[in-house]
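Each remark here refers to the structure printed beneath this line.
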Ligand SMILES: [Mg+2]
């Protein structure tokens, strides 16, 4: 039986925090998101999210003007082929990253949501399943504050049952620089004890020399990974940091598709891959990266962060379906756009999160909440 895409719509959302969050990129007060809604001729509705940190109108224009017209009338169960066709539109003109890729990601996520709903299965099952209906997670993240406040946040997360947590480093000189970074991590390690995994996230704020220095100073603190130590374009820097100190390197939230990850892997620059489903090419992109992770005996840790709830939910299905899963990023820091659903977002217990079992992504969006944050 043929199934046809009837409409592809893109909506924009924004939410603001009373107190901005501070980390390696600077102060972050305003959250934005674009959601893609795909409907079919037999009445199914699929939902996806394109990551946006700035200018949601740009992503919306790519969805509406570039992709929606040629998707209408096509079968959503050809998701993998449609992905290749979307990518092919501007690939030859060098658009193999960026806004085009983020638009593809939201559409592809919505297509797989439909495929799963048509099958009456959760998305992770139609992606092949990996024999897990719950996934290990880590608490993300402790942001910049004075050291006692950061220690209090870290111990609070441990008290809530988390066994792993991520802490931001990469302070500017005015905020105390790398010395304050090292002091804060040593204090947190001492407070939580030896049995808790601690990850570091620089958000690209160091250069390679600083990352190596800090990595060496924190070698005794038993750190699980150091994330985005240098800017995403500095592949030589990644290589230097990986060989210049002993903490494993994580990256990928700023990477697009299998091509970017292929390069990081070829250079021996990375241990843990962190694709964001809303940027890496949706479920199709996330799954293809899974094959790379498998082929190179690396580890997979899906990224979530400042995105809206659809992306956090989709990443949970990625975590439940990919090979070599390490851990899922459970975001506990304030995020006005995460809880967009009729039901509550799954809460972790003892360092594990349950994946929703209803067909598709498994949680229904709450139109009342959406309208509160929608922008035109
Ligand atoms: Mg990060």
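The values are calculated or read from the model by the stated rules, or taken from the named source; none is laboratory data. A quick note: this is a predicted structure, and the numbers were derived from the prediction, not measured. Positions of Cβ are backbone-derived with ideal geometry, glycine not excepted, and every protein chain shown enters the neighbour counts.
Quick check on my filter: what residues within segment 167-188 are in a helix (DSSP H, G or I) and crowded, with 20+ Cβ neighbours inside 10 Å?
Residues satisfying the conditions are 181, 184, 185, 188.
The combined condition, being at pLDDT 95 or above, closer than 28 Å to residue 296 by Cα and within 16 Å of the ligand (Cβ to nearest atom), is fulfilled by residue 247. Here's a check for you: in segment 200-238, which residue that is part of a loop (DSSP other than H, G, I, E, B) and under 19 Å from residue 187 (Cβ atoms) is nearest to the ligand (Cβ to nearest atom)? The extreme case among them is 202. Contact map, segment 136-155: first residue closer than 23 Å to residue 312 by Cβ and touching a residue at least 12 places away in the same chain (Cβ under 8 Å), second residue in a helix (DSSP H, G or I) and more than 16 Å from the ligand (Cβ to nearest atom), Cβ cut-off under 7 Å, separation 6 or more or different chains; pairs are 139/157; 142/150; 142/153; 142/154; 144/175; 154/188; 154/191; 154/192. Hey, can you tell me all the residues within segment 160-183 that are more than 16 Å from the ligand (Cβ to nearest atom) and under 25 Å from the mean Cα position of the chain (by Cα)? Listed by number, the residues that qualify are 160, 161, 162, 163, 172. On the stretch given as segment 111-136, residues that are buried (at least 21 other Cβ atoms within 10 Å of the Cβ) and touching a helix residue (DSSP H, G or I) at 6+ places or on another chain (Cβ under 8 Å) total 12. Surrounded by 24 or more Cβ atoms within 10 Å (Cβ to Cβ), in contact (Cβ under 8 Å) with a residue 40 or more places away in the chain and within 13 Å of the ligand (Cβ to nearest atom): does that describe residue 275? So residue 275 passes the test. For segment 187-199, the tally of residues that are under 27 Å from the mean Cα position of the chain (by Cα) and more than 16 Å from the ligand (Cβ to nearest atom) stands at 5.
The residues of segment 24-48 that are in a strand (DSSP E or B) and surrounded by fewer than 22 Cβ atoms within 10 Å (Cβ to Cβ), listed by number, are 26, 27, 28, 29, 30, 37, 39, 40, 45. Against the test of being within 18 Å of residue 288 (Cβ to Cβ) and surrounded by fewer than 23 Cβ atoms within 10 Å (Cβ to Cβ), the options 74, 11, 97 yield a single qualifying residue, 97. For segment 281-317, residues that are away from the ligand (no atom under 16 Å from the Cβ) and not in a helix (DSSP H, G or I) total 5.
Okay, residues lined up against (1) at pLDDT 95 or above; (2) touching a strand residue (DSSP E or B) at 6+ places or on another chain (Cβ under 8 Å); (3) within 16 Å of the ligand (Cβ to nearest atom):
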site: 259; (1), (2), (3): no, no, no
site: 266; (1), (2), (3): yes, no, no
site: 344; (1), (2), (3): yes, no, no
site: 354; (1), (2), (3): yes, yes, no
